[in-house]
Amino acid sequence: MIAKKFLNNNSLVAVDNEGNEYVLLGKGISFSGKIGKQVDDSKIEKIFDAKEKSKLEALVENIPQQYFDLAVEIIDYVEAQLNTKLNNIIYITLTDHVAYLKERYNQGLIIANSLKQPIKRYYKKEFKVSRKIVELLEDEFDIELNDDEVASIALHIINAEQDDSTIHDSMTMIKYVEQIMQIIRYQTNMDIDQDDLDYQRLQNHIEFFLQRVIHGEKQSESPLFDMVVKSYPEAYRIALKVSKYVEEKLHVDIHDDELTYMIIHIQRIIEHKT
């Protein structure tokens, strides 16, 4: 490929024999090249095609190189820690995130991440790696961040690990689980310890419950339904709220067998009131 434009020391725009343009990344790739000359293949570490080129090119041209280099360093670290190759999209999303992080912090725009708890729960490796990244960013920018920012970084990683359809399915599941848990917390009017074993058991049940509903699976009939309804009226009322939410969102019918086990798990949470 022929060098067409240098973006910074470590990136350039190149064109192939058919006139297709790409962004090439590589340490010092622009130092060793000349406009109109062949790019040294040994310097190329990453290639971005036309679909990604315009966004990345515009981003790199409008931020200081130190932020771009920092983002690339972080991505290399993530790939090494998770032993995986991330989708090219993270070079755009994470670079943009890093580049404007201090500015957002100074403006008080580091906001609460509503997906923090489910991301922390379902993507433990990504969350752990992201916490290290946040520590690095705190040192780099001399700022103080929190777990909301850890979750935001983790989300970039999660998205770059998966294809579009898997991302949609995973994040949809997380949002449904979190929304159901919010309903339960609100209906019980309790400040529930989310590390509590009964809470985690309930969250596990909700996750598997949703998987069964989405895939059309049914629990075996439970002879306990009438008994638990009479014994645990408050838990039953809350379970009906959850059932209505799921039925409206997923356009399914929730059967008594599913409600039985949900009532039992919710009752364990309620008993913490006493």
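Give the residue, chosen from M190, M181, that is modelled with pLDDT under 80 and either part of a helix (DSSP H, G or I) or in the same structural domain as I264 (by TED's automatic domain parsing) (or both). Working first, answer last.
Working: M181 fails: modelled with pLDDT under 80.
Of M190, M181, the one residue that is modelled with pLDDT under 80 and either part of a helix (DSSP H, G or I) or in the same structural domain as I264 (by TED's automatic domain parsing) (or both) is M190.
Counting only residues that are in a helix (DSSP H, G or I) and either buried (at least 20 other Cβ atoms within 10 Å of the Cβ) or of a type in the set (S, T, N, Q) (or both), how many does the stretch 242-274 have? So that I can check it myself, show each step before the final result.
The initial filter retains those residues of the stretch 242-274 that are in a helix (DSSP H, G or I), namely 242-250, 256-273.
Okay, now just the ones that are also either buried (at least 20 other Cβ atoms within 10 Å of the Cβ) or of a type in the set (S, T, N, Q) (or both), so 242-243, 246, 258-260, 262-263, 265-267, 269.
Total satisfying the criteria: 12.
Counting just the residues of the stretch 212-237 that are touching a Ser or Thr at 6+ places or on another chain (Cβ under 7 Å) and not polar (S, T, N, Q), which one comes out modelled with the lowest pLDDT? Show your work before the answer.
Just the residues of the stretch 212-237 that are touching a Ser or Thr at 6+ places or on another chain (Cβ under 7 Å), to begin with: 222, 224-225, 228.
Right, trim to not polar (S, T, N, Q) and you get 224-225, 228.
Details: L224: 80, F225: 86, V228: 90.
My answer is L224.
Would you check which residues across the stretch 229-259 are farther than 16 Å from I184 by Cβ and among the β-branched types (V, I, T) and list them?
V229, V252
May I ask you to say which residue of E79, E61, E52, E21 is in contact with a Leu (Cβ under 7 Å, 6 or more places away or on another chain), surrounded by fewer than 20 Cβ atoms within 10 Å (Cβ to Cβ) and over 24 Å from A151 (Cα atoms)? Spell out the reasoning first.
Details: E79 fails: over 24 Å from A151 (Cα atoms); E52 fails: in contact with a Leu (Cβ under 7 Å, 6 or more places away or on another chain); E21 fails: in contact with a Leu (Cβ under 7 Å, 6 or more places away or on another chain).
When all the criteria are applied, what remains is E61.
I'd like the full set of residues that are modelled with pLDDT of 80 or more and within 12 Å of A14 (Cα to Cα), limited to the stretch 47-68. Talk me through it step by step, then tell me what you get.
Start the filter on the stretch 47-68 by keeping residues that are modelled with pLDDT of 80 or more, which leaves 47-49, 56-68.
I47, F48, D49, E57, listed by residue number.
Tell me, which residue of the stretch 79-110 that is in a loop (DSSP other than H, G, I, E, B) and of a type in the set (A, V, I, L, M) is farthest from V129 (Cα to Cα)?
Residues of the stretch 79-110 in a loop (DSSP other than H, G, I, E, B): 83-88, 100, 107-110.
With the extra rule that they be of a type in the set (A, V, I, L, M), the set shrinks to 86, 109-110.
Working: L86: 14, L109: 23, I110: 19 Å.
The selected residue is L109.
Of everything in the stretch 24-34, what is hydrophobic (A, V, I, L, M, F, W, C) and closer than 20 Å to A50 by Cβ? Give them in sequence order. Step through it out loud before you land on a result.
As a first pass, look at the stretch 24-34 and keep what is hydrophobic (A, V, I, L, M, F, W, C): 24-25, 29, 31.
Residues satisfying the conditions are L24, L25, I29.
May I ask you to say which residue of A154, A112 is modelled with pLDDT of 85 or more, within 29 Å of M173 (Cα to Cα) and in the same structural domain as K85 (by TED's automatic domain parsing)? First the steps, then the outcome.
Details: A112 fails: modelled with pLDDT of 85 or more.
That would be A154, the only listed residue that is modelled with pLDDT of 85 or more, within 29 Å of M173 (Cα to Cα) and in the same structural domain as K85 (by TED's automatic domain parsing).
The values are calculated or read from the model by the stated rules, or taken from the named source; none is laboratory data. Here the structure is a predicted model, which is why all the values come from computation and not from measurement. Quick reminder, even Gly has a Cβ in these numbers, built from the backbone with ideal geometry, and neighbours come from all protein chains shown.
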